[in-house]
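A.B. asks: For reference, the structure I am asking about is given below.
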Amino acid sequence: MGERGESVAAADLLNRFAAAGKRVHVAGDLSRGVIIGLDLEGRLYSVYNGRVLNRVNPVAISGASVMETYHNPGGDGLWPAPEGTRLGYSYATGSWRVPSGIRHARFQVIAEGADHAVVASEVDLINSQGTGIPLLFERDVRVKEETDGFTVSVGESMTYLGSRTLQKGTFLLSPWSLCQFDCGEGCEVVFAAEERDVWDLYDDPDRGNRYWEGGICHAITDGTRRYQIGLGPAVAAIEYRDPLRRMRVVRDAAILSDGLAYADIRDAAPEVPPSEKGVRYSVYSDAGGFMEIEAAGGCPQVLEPGTKLTQFINTRYIFE
């Protein structure tokens, strides 16, 4: 839906949601704002001067993700981490799939203002060990105008609705935001880091996916290679650069509160134990012409009824 450099018109996106009979809510306006797909996983689509900045998949809007067929909606999604390992949520059936609780989530607007909206939905998850974890997903979205663009600040929350306490070793859970863009030649993600703070999350990585210059790591996201890298707690922020659109996107995630630790978010097989190496940010590059800048929150030692896990993430859009 549109090409990089010819982003989707915000009005067209709203019309497509209306034609599909799917609800939306707008925080801010179509000059600087966010279109929230209430009936599409609560995905966020940032808008600037009437154009959508995030990747849009029209099939996900007009159709439905069912059984083994998943249409990734693009935008910015809230997912539970980890994806894989024996405590992840994408292998409850033994093979990879997006949990039905996420695919079928229907969000409600529970608070709103001119540049602000809070949306929430119940999402029931099952991890690879067969443990059911009922949650309330909540996205507290705020839009702030900047002289060179705008900032979208989101409080990403998951509240445990279960009636029994889960002990360490029986669960892993943290809020995880995945912000997706169409990409191409010259696109990259840059961040200040030591080499020890960056590692591949796939077993068969593309070894040419990154290089260093003056203490800055450049991860190539040109839409031709598939890889995912994890970034440790020492990395303060990450920046996506799209030279064609003359756009930079900076993400920074809040430092964790006491008692929380970053989790292993990997898409690893369900028999693999999670690593103690936790991820604060990650970069996903797909060979299909898109990429994701991702930020994760923290996991507690024990998950008690009513526990609310929140990560605050700022995504600043800067235009030259």
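A.B. asks: Criterion first (without any contact (Cβ under 8 Å) to a residue 24 or more places away in the chain and open to solvent by 50 Å² or more (accessible area, probe 1.4 Å)) does E195 satisfy it?
C.D. replies: Details: without any contact (Cβ under 8 Å) to a residue 24 or more places away in the chain: yes; open to solvent by 50 Å² or more (accessible area, probe 1.4 Å): yes.
Considered against the rule, which asks whether it is without any contact (Cβ under 8 Å) to a residue 24 or more places away in the chain and open to solvent by 50 Å² or more (accessible area, probe 1.4 Å), E195 comes out as yes.
A.B. asks: Of the residues in region 205-222, how many are part of a loop (DSSP other than H, G, I, E, B) and over 15 Å from C179 (Cα atoms)?
C.D. replies: So in region 205-222, the residues part of a loop (DSSP other than H, G, I, E, B) come out as 205-209, 214-215, 221-222.
After this cut, where a residue has to be over 15 Å from C179 (Cα atoms) as well, the list is 205-209, 214-215, 222.
The qualifying residues number 8.
A.B. asks: Also, I was wondering about something else. Run C183 past the list (1) within 18 Å of the chain's Cα centre (by Cα); (2) at pLDDT below 95 and report the number of the one that doesn't hold.
C.D. replies: Against the list (1) within 18 Å of the chain's Cα centre (by Cα); (2) at pLDDT below 95, C183 comes up short only on (2).
A.B. asks: Just to be sure I understand, how many residues within region 286-320 are among the hydroxyl-bearing types (S, T, Y), assigned to a strand (DSSP E or B) and surrounded by fewer than 23 Cβ atoms within 10 Å (Cβ to Cβ)? Reasoning before the result, please.
C.D. replies: Step one: list which residues in region 286-320 are among the hydroxyl-bearing types (S, T, Y), which gives 307, 310, 315, 317.
Next, from what is left, pick out any that are assigned to a strand (DSSP E or B): 310, 315, 317.
So of that shortlist, the ones also surrounded by fewer than 23 Cβ atoms within 10 Å (Cβ to Cβ) come out as 310, 317.
Adding up the residues that qualify gives 2.
A.B. asks: Sort out for me the strands (runs of 3 or more DSSP E) sitting completely within region 106-182 that have 2 or more residues that are touching a residue at least 12 places away in the same chain (Cβ under 8 Å) and within 21 Å of L53 (Cα to Cα).
C.D. replies: Working: elements: 108-113, 116-126, 132-146, 149-160, 174-182.
The qualifying strands (runs of 3 or more DSSP E) are 116-126, 132-146, 149-160, 174-182.
The values are calculated or read from the model by the stated rules, or taken from the named source; none is laboratory data. Not measured: the values here are computed from a predicted model. Cβ: placed from backbone, ideal geometry, glycine included. Neighbour counts: every protein chain shown. Areas reflect the complete protein model, heavy atoms only, side chains present, ligands, DNA and RNA absent. Shrake-Rupley method; radii C 1.70, N 1.55, O 1.52, S 1.80 Å.
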